[in-house]
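Have a look at the structure below, then the notes.
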Amino acid sequence: MADYRGVIAFIVIFAVLIIFAIYLGSNYPKTGSAPKSSTNAASKANEAQSNSSSPSQSPSGSAPLPLPNPPSNNTNPTTSSSGQLTCLSNYSTLYVYNGNFSTGTFAGWTVSGSGFGSGPLNLQLANQNNNYHQNRWSNYDGQYAATTYKQTSSFSPGNLSTNFVVVEPYLNFQITSPQNSNLYIEILFNNAPMIVAQYDTLGAGPIGTFAYATLNMSSLRCKSVTLRIVSNVYEPFSSDENQFIGVGNFYQSSFPSQTNGVVVNSTLK
């Protein structure tokens, strides 16, 4: 009887040990893995970090479209394996700040002289009030443009300038201008003119009809440059009233956009 009781006790003890071993095995982490509680904590921490630092995406998951007038320094300068500076834009199109003058002011631009007046011209109101030279303002993608036109035959010298970092090879814009060596657009680096361009848009339409134009800035990639619109015209009693310039819609792009035949002279230094 004693032997029988001993066998039963042995079986009970053995069963308890097996159950205890199974219990430990189900709760003990496998080799090389974190405990369940740690895994959940790490997962939550990673999720919180992702939500706080990741850029927002469009619903489709594609890159967001460029917003109107993003900051002109919206760049991501990095160093390549060869040690050279590489300048990348977040978008294939990047507007120069207030490059379309949509603020109705020259915000972001430096004004010199009185040629461009105190602010850009509202082309829609100008057309309504017959404030144009012979023909209505047309073919402009927007409402405001900078111009030296004053509804008079008297013109004053002046220029507009703004700074930005070159992150795309081309600067596209719209312009209306007759051929005149005193009306031009230039890109300066360290205050030295690097690109100077003159235009004649009369072949694309009467003065006041805007054409598309492009400056190739590929040699200035990653450099901080100055864009300057220059009018050195001064004709207090001239009967030729079309010696003015109108410009706007400045933006950097991966692709050029230029109306054929509008460039009179373009110099790259």
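Every number in this text was worked out from the coordinates using simple rules, so none of it is lab data. Nothing here was measured: the structure is a model prediction, and the numbers come from that model. Quick reminder, even Gly has a Cβ in these numbers, built from the backbone with ideal geometry, and neighbours come from all protein chains shown.
When you have a sec, figure out the Kirkwood radius of segment 85-268 from all distinct Cα pair distances and drop it here in Å to one decimal? Numbers along the way, then the final one.
Values: mean 1/r = 0.0609 Å⁻¹.
16.4 Å is the Kirkwood radius here.
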Legend entry - Under 5 Å, built H, 5+ apart or other chain: amide partners of Val264: Gln198, Tyr199, Asp200
Legend entry - For Gly115, distant residues with modelled amide H under 5 Å away: Gly158, Asn159
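Relative contact order of segment 85-268: what whole-number percent is it, with Cα pairs under 8 angstrom and at least 6 residues apart?
Working: 469 pairs, mean separation 57.9, N = 184.
In percent, rounded to a whole number, it is 31.
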Inset, instruction - Per residue of segment 179-191, in order, report the coupling 6.51 cos²θ - 1.76 cosθ + 1.60 (Karplus, θ = phi - 60°) as ³J(HN,Hα) in whole Hz, putting x for Gly and Pro. - result: 6, 7, 5, 9, 10, 7, 10, 9, 10, 10, 10, 6, 6
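Quick one: net charge around Ala126, please, counting Lys, Arg +1 and Asp, Glu -1 for every other residue with C-beta under 14 Å from its C-beta. Don't skip to the end; give the middle numbers.
Values: positive: Arg136, Lys150; negative: none.
Charge balance near Ala126 sits at +2.
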